[in-house]
Amino acid sequence: MDQSVVTVKNFTKTYGDFVAVDDISFEVQHGEIFGLLGPNGAGKTTTLECLEGLRQPDGGEMQITGVDPQREPSKLRNLIGVQLQTSGLPDNMTVEESLNIFSAYHGVQPRHELLTRMGLEEKRKTQYHQLSTGQQRRLSLALALSHDPRLIILDEPTAGLDVSSRTELHNMMQELKSQGTTLILATHDMAEAEKMTDRVAILLSGKIVATGSPRELTAKGSGMTKISVSTEDSILHNNENTFPAVTPHGIKEEYSIYFSTDPGPTVSAILNHLASNNDSLIDLRVERPSLEERFLEITGNGGTE
């Protein structure tokens, strides 16, 4: 289904003379995971807070499945689920009480299986302030999912999570996507964004400076593909070796390292060179430029392409 769940047109938000978000537009399609990326102060949180109905835009339009977040808050609350970076739960409220209250607010039966899924089953009677940071994050996610919303907004969802909880969260995100739920992910973790998102928008100083899938964005960058080669006789350590489309190579431990603008011919030439010199390949690694490298390239030069 090609359907916009979130539509943002010419959105602007100012605080006095400071322009936090400057005339941005984007859409989030049904059933996709959309990443909102940017350094601190780029405008991510402001954008999310306006989508959540917590702040009033100073210009432009926002809609979630046709609902205006500011004008129709009663309709909005059952459409979205939000996991914030910080929770406003009372310190003495138990895990079970918080789930029951959130469920009552949305008019649904408590989904206690969410506590089991998030590893909180044994913490039902535990007060919020007694939970670890990771447990608090998992509870926040369970509450965001409690009413089965059409759109889930995740603001740094894996902060404070251990490896197991992080993996479970990623699995849950993919499961929700497969069920047709739409997700917006705001994160500083570029590896997470590259792994999980279908498309991203990169914000810088209140403006969108790049959009597209992680693969599309990395393909547009100036970064080169890294090729690491280890061989039995290490003949590639000879600095006189030249191969097509590479910069001068370096050596790290037993590996010869090449940076190539066209990895196909480079790898082919390296393998032919090894064969002609009777050297045996031990390990070959080809790593394309990462989203993090592309992000740093974009944000480091002010967003110019």
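The values are calculated or read from the model by the stated rules, or taken from the named source; none is laboratory data. Every value quoted in this text rests on a predicted model; they were computed, and no experiment measured them. Glycine gets a Cβ as well: all are built from the backbone with ideal geometry, and neighbour counts include every protein chain shown.
Residue 67 passes every criterion in (1) at pLDDT 95 or above; (2) over 23 Å from residue 176 (Cβ atoms) apart from (2). Kindly indicate whether residue 44 is surrounded by 15 or more Cβ atoms within 10 Å (Cβ to Cβ), touching a strand residue (DSSP E or B) at 6+ places or on another chain (Cβ under 9 Å), among the basic types (Lys, Arg) and under 29 Å from residue 293 (Cβ atoms). When the stated conditions are applied, residue 44 passes them.
When you scan segment 6-124 for helices (runs of 4 or more DSSP H) that lie fully inside it, which ones turn up with 1 or more residues that are under 25 Å from the mean Cα position of the chain (by Cα)?
Numbers: elements: 44-51, 73-76, 95-106, 113-117.
Result: 44-51, 73-76, 113-117.
When the residues of segment 279-291 are filtered to those that are exposed (fewer than 15 other Cβ atoms within 10 Å of the Cβ) and acidic (Asp, Glu), the one that is modelled with the lowest pLDDT is 287.
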